[in-house]
Every structure is written in structure tokens, then in C-alpha cells.
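Reading through the C-alpha cells given below for one structure.
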Amino acid sequence: TVYLFVDTEPKGLAEEVEEELFNQTGFKSPPDASEELSSFAFGSCSNQHMPMPYWDTITEFQPDVFVMAGDNVYGDCTGDSCLELQEAYNKLAQHPSFQGAKSKLSIVATLDDHDYGLSNCHEDNPHKDLAKQYFMDFFNIQDERRTRTNDGVYHSYVWGPLGKKVQLILLDTRYHRSEFLESDEPGAKTKEQFMPDYSADTKRMLSNDQWIWLQDQLKVPHVNVRIIVSSIQVLADGHGFECWRMLPRERTRLLELLKRSENNVATFLVSGDRHVGGFYEKEGLVEMTTSSLSHTMPLGAYDCGSTAAECDEVDDYRLDQFVRVNNFGTVEIDWRQKQVTLSLRQVDATTESFYQDNWKID
């Protein structure tokens, strides 16, 4: 993960952690499975040391569900007890806007690298089980499968009556993911950190259990709209940072699985991680990347230049320029018109959309 922000050193890591703050209560429950839903909000890359206007903005937007797509806090661990991650959650818990939002927003979440305790982490991450436990404790998650040992935090939901069913699938692209192939030309375009590993027949993005689970989720009947959240980008093809492109066999497996499972289901991908926002489309499949809530990369970052033409990576699948201000994504469903609208919005103004497009529900 590459990001640009001015960090402030966490304070008091040697001090005793205040357990009453870390173990959260007061979250609004997810909607009932029978409830008709029409609006979702998504966000990623939220640094707890930075301003958080997005909690007020998203609360004002009033989505039926708010999905935190990873890097929900920044707590890269330097020791076995991961005090940094505990402190990150505690700092978020104490923020007044978060305290108000959690009682008004139905929040669901998955993890990425910085809330799994280690930047660019994969299956060998020594902090993953402790980070997973902190995640479960903070969001007060009691689900039996998610609490299982030696497994990730992937999960799914289905809401709505017949004819208006929405399925939300949250993937875990970290817990069992194989290590990416390091670049043989660091910094070069499309090879900035990593490069595709075409010889990696045994490498995996998801565990075998998660693949089987995902296949089962895609067989759930009567779904009209399906939203699949991957913490890292799926369709992006123009950069050498973390994304599904780095494991070509796994990406092909996912895309073919989705293609076989279409059955007139309007399917959309949502990702985070990149610290820029954007829309992608490949063979009718649309992906919205919403990042970052708190520290998006502006034009000129890393001396890329002063224009989008200079700074935005070349990618045949991207639909428009990057959104380079702090943003959150929305998916709005008009069941009457059978239309789905995807938007990227400014974190301090719910009415400001940087990119928006509509897709029909068959």
C-alpha cells in the first residue's frame, strides 16, 4: 500500500490500554434481513490522527448501511502485543463524531493491511490473529464463522423482499494471501512495488475455504443487486502496487466465477487501498475504488507532475480521471426505475459528486 500523509506519533503506547474504550458497545444493528434497502456508503483508509469530517457527512447522507472497506484505522505493529493497533482503535473510539455516527449508522467492515497490523501484509503476517481479535472486539462481532481460528473476516449479508434483494459480500484479501512478487525495477511504471507473478500456480489471494464460501454465496437465489467488496483493486491494470493483477491466475478465477454466476444479477465491485478514487469497467463489470477518507494523494504527489495527464496511471479499464480529494463512495438503488447509481462524494459535502454513473437492473 502506498499512501501520503503527515503522521503523528501515537502517544502513550506504554500506558495501560483503557479497555472500556476498546471494547465497543452502542453500534446500531445491521438492518433486518427482510428490510428493503436502497442506499449504501463505502469508505477506506481512515487515519485516526487526521480530521474526520466524514463521520458527520456520511451520517447526514443517511445510508442504510455504511461499509468500511479496510484500513479503518492505522496501527502497524512493532511488538507482539500490537499496542499501536489498540491505541488506534481507542483514538477512533474517543472521537465525538464517531461516537455519534456509530449509534446512527449500521456499520459493517472488513480489514486491509494497516488494520491487520502490518503494511503490505500477507499470510505470513505474525500479527494477523491478534489484529483480527481486536477488529472483532471493536466492532462487537459475535458471528461464529468469523470468530473461527485460522480464518479471515470475510462475510456476507442479504437484505430485502423478493424482487428487491441486495447481497453484500465482504472478502478478506489478507489473511491467507500469498506474498506478491517484488518488482525487478522498483519505481518503474506498472512495476512500482510488485509485478504480476505468471508462474505462481500455487499462490492464492483467498484460501480454499474462502473460495468455496464465495462460490456458495454466488449461488444464493433471487438476488437482484450484488456488491462485492475487495480491500484491494480487482480490475485495475495500470500500476505495480497491491491489487489482484499481481496474481493473474487468481484474478482470472474470480472474474470467470462472477461471469458464470451472473444470472441477471446486477453485480458491482467496490475497493479501497489506493488513496485515490476511480471507476473501472471490464466486459460489463464495474468497480468503484473509494479512497481515501482522510489522506488522498493530491496532484503532484511523488513529483508526478501538476496535471491528471501526468499523474494518473494509464489504464484502459479506468473510466475517468482519478478523484484526488478525500472521498467516500455511494451505491443508490432506485427499485422503481430499476436503476443503480454509483457515486464518489466529497467527505465534507454530501451533495458534491466527482463522478457518477447509472446502470440498469435487468
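The modelled label-to-label distance for the pair Q94/N150, using points 7 Å beyond Cα in the direction of Cβ, is 3.9 nm. In this calculation the C-beta distance from D303 to R336 is compared with R0 = 41 Å, giving a FRET efficiency of 0.25. In units of the compact-protein estimate 2.2 N^0.38 Å, the chain shows a Cα radius of gyration of 0.93. Bridging of K132 to lysines at a Cα separation below 24 Å is possible for K11, K28, K91, K102, K203, once same-chain residues fewer than 8 apart are set aside. Which entries in the list K128/K191; K128/K259; K259/K338 go over 30 Å, if you measure between the two C-alpha atoms of each? From the list (K128/K191; K128/K259; K259/K338), the Cα-Cα distance tops 30 Å for K128/K259. Between N208, N47, N72, the residue with the greatest mean-square fluctuation in the GNM of the chain (Cα pairs under 10 Å linked by springs) is N208. Of the accessible area of the chain, computed with a 1.4 Å probe over protein heavy atoms only, carbon and sulfur atoms account for 45 percent. Using just the helices of the chain, give the 222 nm mean residue ellipticity in deg cm²/dmol: DSSP H runs with n ≥ 4 each add -39,500 (n - 2.57), and the total is spread over all residues, rounded to 500. When only DSSP H runs of four or more count, the value is -5500 deg cm²/dmol. Computed from phi, the 3J(HN,Hα) profile of the range 176-186 under the Karplus parametrisation 6.51, -1.76, 1.60 (θ = phi - 60°) reads 10, 6, 6, 5, 6, 7, 5, 5, 8, 8, x Hz, with x in place of Gly and Pro.
Charging the Cβ of each Asp and Glu at -1 and of each Lys and Arg at +1, and nothing else, the dipole of the chain about its Cα centre rounds to 1360 debye. Estimated at 0.36 nm per residue, the fully extended path between E262 and S103 surpasses their Cα-Cα distance by 53.7 nm. Whole-percent P(r), the range 259-362, all Cα pairs, 10 Å bins from 0: 15, 43, 31, 10, 2. Model label points for I361 and R253, set 7 angstrom from Cα along the Cα-to-Cβ axis, are 3.2 nm apart. Within the range 39-360, what percent of beta bridges assigned by DSSP are antiparallel, to the nearest 5? Here the antiparallel bridges make up roughly 60 percent for the range 39-360.
The values are calculated or read from the model by the stated rules, or taken from the named source; none is laboratory data. Treat the numbers as computed from the prediction; the structure is a model and nothing was measured. Cβ atoms come from the backbone with ideal geometry, glycine included; neighbour counts cover every protein chain shown. Quick note on the areas: whole protein, heavy atoms, side chains included, nothing else; ligands and nucleic acids left out. Shrake-Rupley method; radii C 1.70, N 1.55, O 1.52, S 1.80 Å.
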